[in-house]
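The values are calculated or read from the model by the stated rules, or taken from the named source; none is laboratory data. Please read all numbers here as calculations on a predicted model, not as lab measurements. Here the Cβ positions follow ideal geometry from the backbone for every residue, glycine too, while neighbour counts run over all protein chains shown. Note: accessible area is taken over every heavy atom of the protein model, side chains too, but ligands, DNA and RNA are not part of it. Shrake-Rupley method; radii C 1.70, N 1.55, O 1.52, S 1.80 Å.
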Amino acid sequence: MADPVIAGTDLSRLRELNSLTVVRALRDQPPATVTELAKLTGLSRPAVDVIAQGLVSGGWATIVEPGGSSVVGRPARRYRFRATAGHVIGVDVGVHKVLALMADLDGNVVQTARRSVAADADPSERLAALDEVLAACLRESGKAAADIWAVSVGVTGPVDASGKTTLFTPLPGWQTVDLAAHLSDRFTCPIVVENDCKLAALAERWRGAARDANDIVYLLAGMRNGAGLIIDGVLRRGFGGAAGEIGALKAVRWLAAPSHLQNCPGVPATVSPDDAAAWVFNAARDGNRDARTAVGRYVKDLAVGTAALVLALDPQIVVFGGGFSRSADLVLDPLRRELQKLCLRVPDVRASTLGADSVALGALRLALDEVDRRVFTLGLSAPVAPRRD
């Protein structure tokens, strides 16, 4: 005879697993009837009926009322995943800005907040800007910190397992910042910190130029160059979080590549160093010979590091992103030609479609993945937000 305590525990766990199976079926699906959910899950129709009602009571699902129909009889009740049960926040802590996006559990962005920050800002100034955008997101969306189920933050530089950028970062003094500890004063939910290039790669696969690919090299091209790698559909961090930081190898010339644009002859003295590249790209479009030469030299240097990654990983797609992606019309064709000289097989080279939001969107994706991981690993014990919908 089975021990009643063990049997009871097993039965409770079985119910939990069946509920999770139905929640999975509801995610990313149009509203479904009990019969349709039974087919999707392999569970019996009576079991799904009971589970679906329980999910509605628990706040995980809503009932979609049937519309008008000429069909005789009562239309079958349909269930939909309740995306507003919780929310996540994705943040881009960059050199010049802090951008925060809030989304529901389906990834629909419901609030945006942004603050400019000086490139030479110290950690306290940058953290203050971060606190401001988070407060604005919560205030303007009418949410409380308790409504947030996960927060993910992208920062510049390799991020180790503790969420710190101890190897290097262009953010002044940022190696000393414990971002997760700072945010834990406001949020009790999971807080994940990740490298900006890696998050941008996630965003491009989720909603950008690489939605049809599982093997991707993402190039963050700007006044610094970096890369995010997705292989077999999985974001690759490396043992210490430094995967893709090929620019640290001086021989690939990534560190020096932007200097061709900054030091281009003819850039007016009134143009700041941060705006020099934009001036050069615009001048190149207008046929300026020096500007076109500078862009050509920049692309040659960019191609060396890109080719090293392509030869090592053989990706399906290379995505040209970052601030310079606004000038992809001047870069993509020359970059393809350079890669043809250096690579055994040239992947499809595409421009980012997400622009300046890519890192924050990738942070949203990572936060959603963290919610899914916790829900489907730990069960439906995550807090359900009060119903406001």
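Tabulated results
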read-out	value
Residue list for the range 247-257, filter: under 25 Å from the mean Cα position of the chain (by Cα) and buried (at least 20 other Cβ atoms within 10 Å of the Cβ)	W254
Scan of the range 309-324 for residues that are touching a strand residue (DSSP E or B) at 6+ places or on another chain (Cβ under 9 Å) and in a helix (DSSP H, G or I), ordered by number	L309, V310, L313, G323, F324
Residue list for the range 113-128, filter: of a type in the set (D, E) and either in a helix (DSSP H, G or I) or buried (at least 16 other Cβ atoms within 10 Å of the Cβ) (or both)	E125
Residue match in the range 94-103 (condition: touching a Leu at 6+ places or on another chain (Cβ under 9 Å), aliphatic (A, V, I, L, M), farther than 22 Å from A356 by Cα and open to solvent by 30 Å² or more (accessible area, probe 1.4 Å))	no
In the range 178-212, the residues that are among the small types (G, A, S) and surrounded by fewer than 20 Cβ atoms within 10 Å (Cβ to Cβ)	A180, A181, S184
Subset of the range 273-308 [part of a helix (DSSP H, G or I) and among the polar types (S, T, N, Q)]	N282, T293, T306
Pair list, Cβ < 7 Å and 6+ apart or interchain, from the range 296-318 residues that are over 15 Å from L249 (Cα atoms) and modelled with pLDDT of 95 or more to residues that are of a type in the set (K, R) and surrounded by fewer than 21 Cβ atoms within 10 Å (Cβ to Cβ)	D314/R345; I317/R350
Qualifying residue in the range 176-187 (condition: in contact with a strand residue (DSSP E or B) (Cβ under 8 Å, 6 or more places away or on another chain), of a type in the set (F, W, Y) and assigned to a loop (DSSP other than H, G, I, E, B))	yes
Members of the range 310-325 that are over 13 Å from R336 (Cβ atoms) and surrounded by fewer than 22 Cβ atoms within 10 Å (Cβ to Cβ)	L311, A312, L313, D314, Q316, G323
Output for the range 8-47, where each listed residue is among the aliphatic types (A, V, I, L, M), open to solvent by less than 50 Å² (accessible area, probe 1.4 Å) and modelled with pLDDT under 90	L20, V22, V23, A25, L26
Count of the range 129-161 residues which are hydroxyl-bearing (S, T, Y) and either surrounded by fewer than 22 Cβ atoms within 10 Å (Cβ to Cβ) or touching a strand residue (DSSP E or B) at 6+ places or on another chain (Cβ under 6 Å) (or both)	2
Which listed residue, of A52, A76, is in a loop (DSSP other than H, G, I, E, B) and over 19 Å from A150 (Cβ atoms)	A76
